[in-house]
Amino acid sequence: MSEYSKPLPEVTPDNQPFWDACKRHELSLQRCHDCGHLRLPSPICPQCLSMESGWVAASGRGKVFTWTVIHQRYHPGFAGELPYNVSIVELDEGPRLLTNIVGCSNEDLRIGMDVEAVFEDVTEEMTLPKFRPVP
Ligand code: ZN
């Protein structure tokens, strides 16, 4: 796994619990203590601006909101994967996650397709959440 050559997400104190959960192959969301809004990692609630929050487990289920297929090599690490999709999945809980759909050809991608989280251990320290069609 040490030869992983793509850019990795930046882990910060604010998003560390999200990435720790991915490492356990769990998807987690931040829940605002004041209004209950569920979100991806962010220090401030976008609904009520509260800074008080906790973490809850997400279902890992969602739907393809949109996607694009990348044909151009923008980073050498992706050269062997062209063409690949970059997708947005709307989780059943509401937040939209930038990810890739795996286990499905790019030609078979559809808006509204039911998907579930799968986890790719890309390095010793980092696990990325991806999604596959629900069988
Ligand atoms: Zn809030």
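With pairing defined as another cysteine C-beta under 4.7 Å, the cysteines of the chain that fail it are CYS22, CYS104.
For TRP67, the residues whose amide H sits under 5 Å from its own are ILE88, ignoring neighbours fewer than 5 places away on the same chain, with H placed 1.01 Å from N.
Remark: relative contact order (region 11-58) = 37 percent; criterion is Cα-Cα distance under 8 angstrom and separation of 6 or more residues.
Measuring nothing but how far apart in sequence close Cα pairs (under 8 Å, 6+ apart) lie, relative to its length, the chain scores a relative contact order of 24 percent. The slack between MET126 and MET51, meaning 0.36 nm per residue of separation minus the straight C-alpha distance, is 24.4 nm. The Cα center of region 106-120 and the Cα center of region 32-71 differ in position by 19 Å. Among the trypsin sites (Lys or Arg not before Pro) in region 27-94, those placed in a DSSP loop whose Cβ has at most 16 other Cβ atoms within 10 Å are ARG73.
Counting only aspartates and glutamates at least 8 places from LYS6 when in the same chain, those with an alpha carbon closer than 16 Å to its own are GLU81, GLU120, ASP121, GLU124, GLU125. Other residues within the sphere of radius under 11 Å centred on the Cβ of GLY112, judged by their own Cβ, net out at 0 (K and R +1, D and E -1).
Sorting GLU120, GLU93 from the fewest to the most surrounding beta carbons within 10 angstrom yields GLU120, GLU93.
Read the figures in this text as sums done on the coordinates, not as results from a lab. All values derive from a computational prediction rather than experimental measurement. Positions of Cβ are backbone-derived with ideal geometry, glycine not excepted, and every protein chain shown enters the neighbour counts.
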